[in-house]
Amino acid sequence: MSSLKEKTAKGLFWGAVNSGSTQLLNVVIGVCLARLLDLSDYGIVGMLTIFTAIAGNLQDSGFSTALINLPKIRNRDYNSVFWFGVSVSITLYVILFFGAPLIADFFHQPCLIPLSRFIFLTFVLASLGIPHSAYMIRNFMNKEKAIMGFVALVVSGTVGIVLAFNGYGYWSLAWQQFLFILVLDLGRLYYTRWLPTFEFDFAPIRSMFSFSNKILITTMIGTISNNFLTFIFGHLFTAKTVGSFTQAYKWDTMGYSLISNTVAQVAQPVFAQVGDDRSRLKGVFRKMMRFTAFLSFPLMFGLCIVSREFIVVTIGAKWMASVPLLQILCVSGAFFPFYTLYQNLAISHSRSDILMWCNVGQIALQLILILVSSPYGIQAMVVVYSLFNIVWLGVWQCVAKRLAGIALLELLRDVAPFFLASVVVMGLTYVVTLPIRPLLLLLIVRIVLAGGLYFAVMKVAHVAILEESMGYLRKRR
């Protein structure tokens with residue numbers, strides 16, 4: 001138990017370092033690129049996101065998750081997944097290469113033909129690192145992931161900024177994506193030292209298929225859920241409108257991903273090691289829910305109240321149309337990290353069927369509601385999207401009750417104090433700082449005041465998560 005607790009704490013620490021450094025660099029790079037590029041540049045690249053994401057799901061087909069979840073693993077398992085991913089990705093690239101004119105016609109953007117053919121190369125590159133990534137997650141190599149992620153961002157971001165400065169427009173975003181994946185692949189190879197062999201044995205693929213195929217369907221549905229708004233907006237609205245939404249969605253995703261990625265790097269392996277001990281699993285799950293709520297609510301509600309000054313100060317007034325969209329998305333973004341825990345709980349029980357059907361239901365109902373609200377404009381569609389994602393957590397809570405005996409009232413007692421404290425602190429901060437006019441000063445004061453008040457509330461209340469986190473940090477010194 002102590003060994004697992006230490007692994008979890010270490011994994012969360014390096015997961016936080018990885019996510020924190022990644023998002024900090026993403027902020028710097030994102031600000032530079034947004035100042036250099038037009039709204040339409042982001043809109044054009046954003047239209048292709050759903051295609052690259054779905055292709056990435058297909059090349060993986062859930063087998064990386066299956067590798068992580070295997071009780072015992074052999075080299076032939078990794079090798080089989082590698083060659084499967086490579087063969088699928090090449091096939092998909094050929095299909096999308098010849099389908100590029102159809103994509104360009106759908107979005108009424110002829111420039112998408114050469115652009116898409118280049119961007120689609122990224123999922124071919126990504127297929128080379130699938131087994132390496134699974135190996136690193138399975139062995140809690142979060143420190144190494146943090147290092148290679150940092151290097152990949154620096155290299156790709158620097159090249160992207162240089163190209164944008166020299167007038168390459170949306171091609172700078174394309175090259176940034178390509179180089180990021182390339183450097184990640186090289187980093188994974190360096191740290192794992194694993195190379196595939198030319199033994200084309202797909203027996204492990206067949207043995208993992210009953211589990212992985214449901215993971216595949218689930219991840220594809222999740223991908224569609226995360227990207228179908230951009231896809232729909234790309235058909236209904238101008239490239240500039242899509243660019244405004246893409247910018248808002250990007251900052252919202254960066255915010256909640258800081259928490260989600262931190263938790264995701266330890267949740268599945270920890271839940272899998274706990275096994276069928278429901279009492280122990282329940283305790284671990286509730287503790288991770290408290291940790292998630294402790295960080296997610298103040299971060300996302302805080303981003304909500306500083307959205308206007310953050311956007312104007314960092315990337316400029318030309319992006320003002322993104323502000324109301326970002327504020328709406330931040331509300332639901334505060335709840336998104338909980339999905340990570342619920343989904344990994346199901347995966348650790350090898351219940352990929354539950355994961356699949358929950359996501360099927362979510363995307364089906366979500367899509368209907370979005371289309372029904374489309375006559376009322378983009379903001380109404382984003383509001384419906386956000387509210388639905390909060391409400392759907394109730395379905396996942398029923399799953400947690402069934403798998404681990406976790407009652408709704410127990411979880412409400414765990415997360416409600418952090419929710420209420422965050423709402424009160426952010427509301428008070430917003431009202432108190434209203435008289436401040438200079439936007440840069442307003443941004444700084446709101447961040448410092450909100451962070452200080454929230455920390456003080458947690459300290460006075462003797463919140464266990466804060467005390468344990470500070471204790472772990474002092475121990476590392």
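The values are calculated or read from the model by the stated rules, or taken from the named source; none is laboratory data. As the structure is a prediction and not an experimental result, all values here were calculated from the model. In this analysis, Cβ positions are derived from the backbone assuming ideal geometry, glycine residues included, and neighbour counts consider all displayed protein chains. Surface areas here come from the heavy atoms of the whole protein model, side chains and all, with no ligands, DNA or RNA. Shrake-Rupley method; radii C 1.70, N 1.55, O 1.52, S 1.80 Å.
Numbers at a glance
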| read-out | value |
| --- | --- |
| From ALA126, ALA134, residue being small (Gly, Ala, Ser) and under 20 Å from VAL45 (Cβ atoms) | ALA126 |
| Contacts under 7 angstrom Cβ, first residue in the stretch 297-311 being among the β-branched types (Val, Ile, Thr), partner surrounded by fewer than 23 Cβ atoms within 10 Å (Cβ to Cβ), 6 or more apart | ILE305/TYR430; ILE305/ARG446; VAL306/LEU443; VAL306/ARG446; VAL306/ILE447; ILE311/TRP319; ILE311/MET320; ILE311/VAL323 |
| Complete set of residues in the stretch 286-302 that are closer than 17 Å to VAL424 by Cβ and either of a type in the set (Gly, Ala, Ser) or open to solvent by less than 30 Å² (accessible area, probe 1.4 Å) (or both) | ALA293, PHE294, SER296, PHE297, PRO298, MET300, PHE301, GLY302 |
| Number of the condition not met by ASP276 [criteria: (1) modelled with pLDDT under 75; (2) in contact with a helix residue (DSSP H, G or I) (Cβ under 8 Å, 6 or more places away or on another chain)] | (2) |
| Pair list, Cβ under 7 Å, 6 or more apart: the stretch 178-198 residue touching a residue at least 40 places away in the same chain (Cβ under 8 Å) and over 21 Å from ILE119 (Cβ atoms), other residue open to solvent by 40 Å² or more (accessible area, probe 1.4 Å) and among the hydroxyl-bearing types (Ser, Thr, Tyr) | THR192/TYR135; TRP194/TYR135 |
| Selected residue [aliphatic (A, V, I, L, M), open to solvent by 30 Å² or more (accessible area, probe 1.4 Å) and touching an Asp or Glu at 6+ places or on another chain (Cβ under 6 Å)] from LEU128, LEU102 | LEU128 |
| Only one of MET141, MET136 that is modelled with pLDDT under 85 and touching a Lys or Arg at 6+ places or on another chain (Cβ under 7 Å) | MET136 |
| One residue from SER19, SER64, SER89 being at pLDDT 80 or above, open to solvent by less than 70 Å² (accessible area, probe 1.4 Å) and among the hydroxyl-bearing types (Ser, Thr, Tyr) | SER89 |
| Residues that are surrounded by 18 or more Cβ atoms within 10 Å (Cβ to Cβ) and in a helix (DSSP H, G or I), drawn from the stretch 415-433 | VAL415, PRO417, PHE418, ALA421, SER422, VAL425, MET426, THR429 |
| Checking ILE147 against (1) crowded, with 21+ Cβ neighbours inside 10 Å; (2) within 20 Å of ARG193 (Cβ to Cβ), the condition it does not meet | (1) |
